[in-house]
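What follows is a short report on a single structure.
The values are calculated or read from the model by the stated rules, or taken from the named source; none is laboratory data. Quick caveat: nothing in here was measured; it's all calculated off a predicted structure. Neighbour counts are summed over all protein chains in view; Cβ atoms, including those assigned to glycine, are modelled from backbone coordinates with ideal geometry. Just so you know, the surface numbers come from the protein's heavy atoms only, side chains and all, with ligands and any DNA or RNA stripped out. Shrake-Rupley method; radii C 1.70, N 1.55, O 1.52, S 1.80 Å.
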Amino acid sequence: KYVVTNLRTPARVIFPLGPIEQTQGRAWFEPRLRVAEPGLSGAVLDASDALDAVVGDVRALRPTCGRTTLVGFSQGGAIALAYAARHPDQVGVVIPMAAWVPPELQPGPEVEIAALHGTDDHKVPLRWVRRMVDTLKQSGGHATLVAHRGVAHYTTRQMRRRARHFLRMSIAVDWGSRDGRSKR
């Protein structure tokens, strides 16, 4: 909620919130499924299919200029990235926080990525996110990574402020173009 407070501009922003309740938040798939396991890609793809219905409903209920912006933490960020890879015509920007997806699930250059990640995140190592962002840049995409020193696998007030900044910038770019697509 903090990320979108006082935006004062019509925008379609979705924060993927997983359906599985956990003691420390929510999940999209079994949290014991770790990044290095082969079942991860399938779980992320299944969850991005579930997100497709949500995005469709939100697009119908909240028509506005521009494509959808997805903001997600951990699994929510991974789902947002995979969804953007499968539906680049619907997503303009993804702001993943403490999130990463395997190369086969990464979006292409049509989607802007503004990744926020902690330097001390041992669940999703920063080097994986750095490699993902570098790959997106090399393919001609607009990708940014802001590493937050001393932060593990959680978000800080500074990260949420930065997410809000990226969100405002993406809205300004979409509103500044005639067809609602990012100029980047």
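Kindly establish whether A114 is more than 11 Å from S170 (Cβ to Cβ), in contact (Cβ under 8 Å) with a residue 40 or more places away in the chain, not charged (D, E, K, R) and not in a loop (DSSP other than H, G, I, E, B). Considered against the rule, which asks whether it is more than 11 Å from S170 (Cβ to Cβ), in contact (Cβ under 8 Å) with a residue 40 or more places away in the chain, not charged (D, E, K, R) and not in a loop (DSSP other than H, G, I, E, B), A114 comes out as no.
The set of residues from region 140-152 being under 15 Å from the mean Cα position of the chain (by Cα) and either aromatic (F, W, Y) or within 14 Å of F73 (Cα to Cα) (or both) is empty.
Selection of region 89-101 for residues being part of a loop (DSSP other than H, G, I, E, B) and closer than 16 Å to K137 by Cα yields W100, V101. Taking every residue in region 62-84 that is among the basic types (K, R) and pairing it with any residue that is assigned to a loop (DSSP other than H, G, I, E, B), at least 6 positions away or on another chain, the pairs with Cβ-Cβ distances below 8 Å are R62/R12; R67/R12; R67/D89; R67/Q90; R67/G180; R67/R181; R67/S182. Check whether at least one residue in region 130-143 is open to solvent by 10 Å² or more (accessible area, probe 1.4 Å), part of a strand (DSSP E or B) and either of a type in the set (D, E, K, R) or under 24 Å from A27 (Cα atoms) (or both), and report yes or no. Checked region 130-143: no residue is open to solvent by 10 Å² or more (accessible area, probe 1.4 Å), part of a strand (DSSP E or B) and either of a type in the set (D, E, K, R) or under 24 Å from A27 (Cα atoms) (or both).
Is at least one residue of region 67-83 buried (at least 20 other Cβ atoms within 10 Å of the Cβ) and over 16 Å from the mean Cα position of the chain (by Cα)? No; the residues of region 67-83 include none that is buried (at least 20 other Cβ atoms within 10 Å of the Cβ) and over 16 Å from the mean Cα position of the chain (by Cα).
Among the residues making up region 102-131, those that are modelled with pLDDT under 95 and among the hydrophobic types (A, V, I, L, M, F, W, C) are L105, V111, V124, W128.
The one condition from (1) modelled with pLDDT under 85; (2) assigned to a helix (DSSP H, G or I) that I79 does not meet is (1). Summed over region 5-43, residues that are small (G, A, S) and at pLDDT below 65 total 1.
The selection criterion, being surrounded by fewer than 18 Cβ atoms within 10 Å (Cβ to Cβ) and in contact with a strand residue (DSSP E or B) (Cβ under 6 Å, 6 or more places away or on another chain), does not hold for A163. For G72, are the conditions met, namely being part of a strand (DSSP E or B), among the small types (G, A, S) and either at pLDDT 85 or above or within 22 Å of T144 (Cβ to Cβ) (or both)? It is true that G72 is part of a strand (DSSP E or B), among the small types (G, A, S) and either at pLDDT 85 or above or within 22 Å of T144 (Cβ to Cβ) (or both). Just checking, how many residues over region 50-69 are of a type in the set (S, T, Y) and in a loop (DSSP other than H, G, I, E, B)? Of the residues in that region, 1 qualify.
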